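See below for the structure under consideration.
The values are calculated or read from the model by the stated rules, or taken from the named source; none is laboratory data. Since the model is a prediction, treat every value here as computed from it, not as a measurement. Don't worry about glycine lacking a Cβ; one is built from the backbone with ideal geometry, like all the others, and counts go over all protein chains shown.
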Amino acid sequence: RAKEQGRNNVQFYHSNLNYRSIERLNLEGELRMALHQNQFELYYQPQMDIRGGDIVGMEALIRWRHPERGMVSPGTFIPLAEETGFIVEIGEWVIREACRQNRQWQENGFPKIPVSVNLSVRQFLQQNLKQKVANILKETGLEPQYLALEITESMTLDVDYATNCLIELKSLGLLINMDDFGTGYSSLSYLKKFPINKLKIDRSFVRDLMEDPSDAAIVSTIISMAHHMKLKVIAEGVETIEQLDYLNANHCNEVQGFYFSPPLPADEFVEKVKAITESAAM
Ligand code: C2E
Ligand code: MG
Ligand code: MG
Ligand code: MG
């Protein structure tokens, strides 16, 4: 019996694997066409000043509106796009679209705030990234201080390369955020060498803040360390008033999360900004 069961398990495992590799090939092909068929879209999530409650920034997050599959989450296709190298083209589209949209909003009288864009490892390793970003800024007319690029610790493993690359990018006048901070292996001594503006505390620490004392300690430590290094801190994944209060009491500068708003399509984001700005003015 056990043997039989074992065999069944193996068969199940194989067919599952098979299914997954076919599925993967399909996705890969579809990903290639998605850009040309305009299936990508950017959603925007507000970033709030923790004290004043104003919107001080926004993060652009990619969505794939697949004709049959519906919305495919970036967690599914970004890693695949990263593996195939296709992320470079997608990523360039993301930067251009975010800059274009931000510039258009500013022309329509919206608050002038930076838009954050996630960079992928492959993009970061591109020799001509600086030139590409410079061209996009020129093309769209967005002033550089209204663009922030988000990198992760994994991109900074080669410290010299990362330092040079960041210095080059920053010379354009844009901002650099360290995303998902605390989940990677970056050394604190290097952190101060990188010309970054802001640390984003990873959502995994914020999630259990109220239940897990060590997460609470990690969060308050990251905040005070960042402030010693003259960096601003934003917490991601803030969902409750209790988390917000803790972050406020520990002098976190900014917050982003479902407590204020999920990421929204551009038109809904505009409505959200209006609603928040009006309630802040009252
Ligand atoms: P990230 O850059 O850390 O983005 C934050 C993620 O947390 C987003 O997931 C956002 O929807 C989610 N989030 C924000 N607030 C909350 C909250 O209060 N609760 C919960 N449960 N989640 C919250 P999303 O949009 O699915 O993106 C996932 C990841 O995919 C991003 O993590 C980023 O690493 C990557 N990604 C998204 N867009 C792009 C892109 O344009 N380019 C690249 N290279 N990566 C992207
Ligand atoms: Mg991010
Ligand atoms: Mg993040
Ligand atoms: Mg994250």
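Residues being over 22 Å from Ala148 (Cβ atoms) and assigned to a helix (DSSP H, G or I): count how many of those fall in the stretch 245-267.
Going through the stretch 245-267, the residues over 22 Å from Ala148 (Cβ atoms) turn out to be 245-246, 248-250, 267.
Cutting the leftovers down to assigned to a helix (DSSP H, G or I) gives us 245-246, 248-249, 267.
Final tally of qualifying residues: 5.
Consider only pairs whose beta carbons are under 9 Å apart and that are at least six residues apart or on different chains; among these, list those whose first residue lies in the stretch 158-173 and is farther than 12 Å from Phe194 by Cβ and whose second residue is polar (S, T, N, Q) and part of a helix (DSSP H, G or I).
Gly173/Gln145
Of everything in the stretch 88-134, what is over 30 Å from Val273 (Cα atoms), without any contact (Cβ under 8 Å) to a residue 40 or more places away in the chain and under 17 Å from the mean Cα position of the chain (by Cα)? Give them in sequence order.
Val88, Val121, Gln123
Can you find a residue in the stretch 98-118 that is within 11 Å of ligand 1 (Cβ to nearest atom), among the aromatic types (Phe, Trp, Tyr) and assigned to a helix (DSSP H, G or I)?
No; the residues of the stretch 98-118 include none that is within 11 Å of ligand 1 (Cβ to nearest atom), among the aromatic types (Phe, Trp, Tyr) and assigned to a helix (DSSP H, G or I).
Can you tell me which residue within the stretch 145-165, out of those that are within 16 Å of ligand 1 (Cβ to nearest atom) and at pLDDT below 95, is surrounded by the most Cβ atoms within 10 Å (Cβ to Cβ)?
Across the stretch 145-165, the extreme among qualifying residues is Thr156.
Listed residues Asn197, Asn177; which is away from ligand 3 (no atom under 12 Å from the Cβ) and touching a Leu at 6+ places or on another chain (Cβ under 8 Å)? I'd like the intermediate steps shown before the answer.
On the way: Asn177 fails: away from ligand 3 (no atom under 12 Å from the Cβ).
Testing whether each residue is away from ligand 3 (no atom under 12 Å from the Cβ) and touching a Leu at 6+ places or on another chain (Cβ under 8 Å) leaves just Asn197.
Just to be sure I understand, how many residues within the stretch 197-206 are within 16 Å of ligand 4 (Cβ to nearest atom) and either at positive phi or surrounded by fewer than 18 Cβ atoms within 10 Å (Cβ to Cβ) (or both)?
Count: 2.
Could you count how many residues in the stretch 224-282 are basic (Lys, Arg) and within 21 Å of Met178 (Cα to Cα)? Full working, then the answer.
Going through the stretch 224-282, the residues basic (Lys, Arg) turn out to be 230, 232, 272, 274.
Restricting the remaining residues to those that are within 21 Å of Met178 (Cα to Cα) gives 230, 232.
Qualifying residue count for the region: 2.
Is there a residue being free of Cβ contacts under 8 Å to residues at least 40 places away in the same chain and within 16 Å of ligand 4 (Cβ to nearest atom) anywhere in the stretch 247-258?
Keep residues of the stretch 247-258 that are free of Cβ contacts under 8 Å to residues at least 40 places away in the same chain, which gives 249-251, 258.
With the extra rule that they be within 16 Å of ligand 4 (Cβ to nearest atom), the set shrinks to 258.
Scanning the stretch 247-258, I find at least one residue that is free of Cβ contacts under 8 Å to residues at least 40 places away in the same chain and within 16 Å of ligand 4 (Cβ to nearest atom), so the answer is yes.
For the stretch 249-266, enumerate the residues that are of a type in the set (Gly, Ala, Ser), surrounded by fewer than 18 Cβ atoms within 10 Å (Cβ to Cβ) and under 18 Å from the mean Cα position of the chain (by Cα).
If the condition is that a residue be of a type in the set (Gly, Ala, Ser), surrounded by fewer than 18 Cβ atoms within 10 Å (Cβ to Cβ) and under 18 Å from the mean Cα position of the chain (by Cα), then Ala266 is the only one that fits.
Could you say whether any residue in the stretch 34-56 is part of a helix (DSSP H, G or I) and more than 12 Å from ligand 1 (Cβ to nearest atom)?
The answer is yes, given that some residue of the stretch 34-56 is part of a helix (DSSP H, G or I) and more than 12 Å from ligand 1 (Cβ to nearest atom).
Which one is nearest to Gln145 (Cα to Cα), of the residues in the stretch 166-193 that are away from ligand 1 (no atom under 15 Å from the Cβ) and of a type in the set (S, T, N, Q)?
By that ranking, first place goes to Ser171.
Under the condition of being out of contact with any Leu (no Cβ under 9 Å at 6 or more places or on another chain) and on the phi < 0 side of the Ramachandran plot, which residue from the stretch 221-239 is surrounded by the most Cβ atoms within 10 Å (Cβ to Cβ)?
It comes out as Glu236.
Give the residue that is nearest to Pro46 (Cα to Cα), with candidates limited to residues of the stretch 203-228 that are outside any helix (DSSP H, G or I) and over 22 Å from the mean Cα position of the chain (by Cα).
So, considering only residues that are outside any helix (DSSP H, G or I) and over 22 Å from the mean Cα position of the chain (by Cα), the one nearest to Pro46 (Cα to Cα) is Met210.
Among the candidates Leu137, Leu80, Leu142, which residue alone is at pLDDT below 95 and away from ligand 3 (no atom under 16 Å from the Cβ)?
Details: Leu137 fails: at pLDDT below 95; Leu142 fails: at pLDDT below 95.
Unique residue meeting the criteria: Leu80.
Condition first: among the small types (Gly, Ala, Ser) and either crowded, with 21+ Cβ neighbours inside 10 Å or part of a helix (DSSP H, G or I) (or both). Now tell me which residues in the stretch 75-93 satisfy that.
Gly75, Ala81, Gly91
Residues are listed down the side, and each one gets a yes or a no for (1) touching a residue at least 24 places away in the same chain (Cβ under 8 Å); (2) buried (at least 21 other Cβ atoms within 10 Å of the Cβ); (3) more than 15 Å from ligand 1 (Cβ to nearest atom); (4) at positive phi:
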{"residue": "Pro195", "(1), (2), (3), (4)": "yes, no, yes, no"}
{"residue": "Ala216", "(1), (2), (3), (4)": "yes, no, yes, no"}
{"residue": "Glu242", "(1), (2), (3), (4)": "yes, no, no, no"}
{"residue": "Glu268", "(1), (2), (3), (4)": "no, no, no, no"}
